[in-house]
């Protein structure tokens with residue numbers, strides 16, 4: 001999917017400097033889009049082995065209240081994932097590799113490495129960095145259907161820490177600056193099975209974050225509260241497979257640190273997840289994200305219809 005970002009400015013020096021800082025916001029938007037796609041393809045309890053862009057059990061860019069599979073009295077086998085996002089000739093491509101482990105039936109911890117491949121449009125393509133490290137954890141506070149009450153959602157709390165996150169404006173400095181940023185969140189998820197032919201998945205969460213676009217655009221100016229949510233339905237596919245279709249919404253901090261005038265929109269994702277078999281902990285994700293278009297005067301990243309894909313596998 002092409003996402004050719006166009007840089008139109010006659011005042012090259014001023015605009016380029018803004019773009020360098022601003023591009024962090026753009027990068028974050030792109031990544032958020034990618035994550036949204038992967039996380040979103042989550043299918044009910046099979047999704048317990050579906051890792052999102054940052055390695056959490058979830059949809060493409062949001063976390064669900066479920067955790068990676070594990071026994072109640074021990075440590076589970078890890079789930080691994082790989083995600084790719086085509087963000088066009090300006091921003092380039094993004095990749096993430098993740099491993100997540102469940103503990104005691106209700107906890108998960110994991111690590112993800114984010115990689116970036118430069119685009120082909122200098123000077124903007126030169127300032128997105130080489131990627132960064134992500135650690136995350138989540139604990140399930142309330143199991144789904146607790147006390148045999150079918151209306152009770154799963155409720156969990158979690159965190160994300162991103163280290164060595166490049167600062168776009170800092171790329172101009174010697175040595176370049178890097179950020180550490182993070183999220184703290186609570187999320188409620190419910191799989192509705194009363195309609196036998198059409199299971200539904202709903203999730204809503206709220207987080208405090210100082211990361212812009214999941215860290216892809218560096219930091220936000222301040223720690224900010226942001227909402228996220230998912231709605232999806234599950235269809236029966238051929239050969240006992242399942243197909244999950246739905247959408248994901250992730251609010252972004254409105255502004256980017258060190259980039260006055262840039263405004264980052266809410267990320268939307270339309271996605272599909274294919275679960276080949278309930279006996280195999282394998283998920284294939286495909287999606288299209290609306291990330292970022294015109295983020296400031298003279299800067300149109302044209303990242304409104306970007307394609308992403310991912311694969312998750314539980315060992």
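The values are calculated or read from the model by the stated rules, or taken from the named source; none is laboratory data. Everything numeric here is computed off the predicted structure, so don't read it as measured data. Cβ: placed from backbone, ideal geometry, glycine included. Neighbour counts: every protein chain shown.
The table that follows gives values for the structure above.
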quantity	calculated
Among the residues listed as 214, 301, 250, the single one being surrounded by 19 or more Cβ atoms within 10 Å (Cβ to Cβ), over 20 Å from residue 160 (Cβ atoms) and either at pLDDT below 80 or in contact with a helix residue (DSSP H, G or I) (Cβ under 6 Å, 6 or more places away or on another chain) (or both)	301
Members of the range 196-210 found to be in contact with a strand residue (DSSP E or B) (Cβ under 9 Å, 6 or more places away or on another chain) and modelled with pLDDT under 90, listed by number	197, 198, 199
Criterion violated by residue 141 - all others in (1) under 24 Å from residue 311 (Cα atoms); (2) assigned to a strand (DSSP E or B) satisfied	(1)
Residue in the range 118-131 that is assigned to a strand (DSSP E or B) and either out of contact with any strand residue (DSSP E or B) (no Cβ under 6 Å at 6 or more places or on another chain) or over 21 Å from residue 207 (Cα atoms) (or both) present	yes
Boolean, residue 311 is closer than 23 Å to residue 68 by Cβ, in contact (Cβ under 8 Å) with a residue 60 or more places away in the chain, crowded, with 24+ Cβ neighbours inside 10 Å and in contact with a strand residue (DSSP E or B) (Cβ under 6 Å, 6 or more places away or on another chain)	no
Checklist (1) buried (at least 18 other Cβ atoms within 10 Å of the Cβ); (2) closer than 22 Å to residue 217 by Cβ; (3) touching a strand residue (DSSP E or B) at 6+ places or on another chain (Cβ under 7 Å) applied to residue 258, failing item	(3)
